[in-house]
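Working notes, structure below.
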Ligand SMILES: [Fe+2]
Ligand SMILES: [Fe+2]
């Protein structure tokens, strides 16, 4: 696997781990205590910052563009499908945000369950189809160049300090919801 696709795949593992926590969260039909409320706010912030701005940002701004240049189709092809799913995810995150403001647990859980299913299937398609295409059409030097752009994107979008804070938050939620943190790889 190339350097750039490997980086994205590693982020997928982090996102999948957070989805496991989200899955536990939405089994609660009411929220007791201010901590649990705060964890939901923090987790939505994580999805906005890490999953969307950082991860989907790397894919949309850099990977998909590089693949298009190699002739991988956007409209009616795999890139178009991936972009459509990123947009659906943004709508779900928006619903979760509004639901938190309105303290509407039911609406939050509904959007969160949809997001969990969407992203799980999305990541599976990227890992097994899109990244396989990327590894075929991009050579080692192009993967390395993409990886450098990813690093730059990461610094610009979230920065090192925020990354550290997210890592700590993921560990705290994992403990609170009883999800084993052995695979909590935010780096
Ligand atoms: Fe994606
Ligand atoms: Fe992805």
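Contour minus end-to-end for residue 106 and residue 87, with contour as 0.36 nm per residue of separation and end-to-end as the Cα-Cα distance?
In short, 4.6 nm is gained.
At a Förster radius of 22 Å, what calculated FRET efficiency corresponds to the Cβ-Cβ distance of residue 23 and residue 125, to the nearest 0.05?
Efficiency computed from Cβ-Cβ geometry: 0.65.
Which value in nm describes the separation of the simple spin-label points at residue 69 and residue 45, placed 7 Å from the Cα toward the beta carbon?
That separation, rounded to one decimal, is 3.6 nm.
More than 24 angstrom separation, counting every C-alpha pair in the chain; what % is that?
The proportion of pairs with Cα distances above 24 Å equals 39 percent.
How far is helix 140-157 tilted off the main Cα axis of the chain, in degrees rounded to 10, range 0 to 90?
30
Which three extents, in angstrom, do the Cα atoms of region 18-85 have along their principal axes, listed largest first?
In descending order, the Cα extents are 52, 19, 15 Å.
Quick one: order 19, 118, 8 by neighbouring beta-carbon count within 10 Å, fewest to most.
Ranking 19, 118, 8 by Cβ neighbours within 10 Å, fewest first, gives 118, 19, 8.
Could you give the nm distance between label points at residue 145 and residue 3, where each point is 7 Å from its Cα heading toward the beta carbon?
1.3
Given R₀ = 30 Å, what would the calculated FRET efficiency be for residue 13 paired with residue 155, taking r from the Cβ atoms and rounding to 0.05?
Calculated transfer efficiency: 0.90.
By how many degrees, 0 to 90 and rounded to 10, does the Cα axis of helix 159-176 deviate from the longest principal axis of the chain?
Long axis of 159-176 versus the principal axis of the chain: about 50 degrees.
Based only on other Cβ atoms within 10 Å, what is the fewest-to-most ordering of 122, 163?
By the 10 Å Cβ count, ascending, the order reads 163, 122.
Give, in nm to one decimal, the length gained when the segment between residue 117 and residue 35 is fully stretched (0.36 nm per residue of separation minus the Cα-Cα distance).
Extra length available between residue 117 and residue 35 comes to 27.0 nm.
Given the DSSP H assignment, sum -39500 (n - 2.57) over each helix run of at least 4 residues in the chain and divide by its residue total; what's the result at 222 nm in deg cm²/dmol, nearest 500?
Counting only the DSSP helices, I get -23000 deg cm²/dmol.
Return P(r) of region 43-154 (all Cα-Cα pairs; 10 Å bins starting at 0; whole %; ordered from short to long distances).
13, 41, 29, 13, 3
Note down the relative contact order for the chain as a percent, whole number, built from C-alpha pairs under 8 angstrom at least six residues apart.
About 41 percent, as a whole number.
Taking 7 Å along the Cα-to-C-beta vector as the label spot, tell me the residue 60-residue 168 distance in nanometres, rounded to one decimal.
Between residue 60 and residue 168, the label points sit 3.0 nm apart.
Quick note: the coordinates plus some simple rules give every number you see, no bench work behind them. Because the structure is a prediction, the values reported are computed rather than measured. Note: ideal-geometry Cβ built from the backbone for every residue, glycine included; neighbour counts use all protein chains shown.
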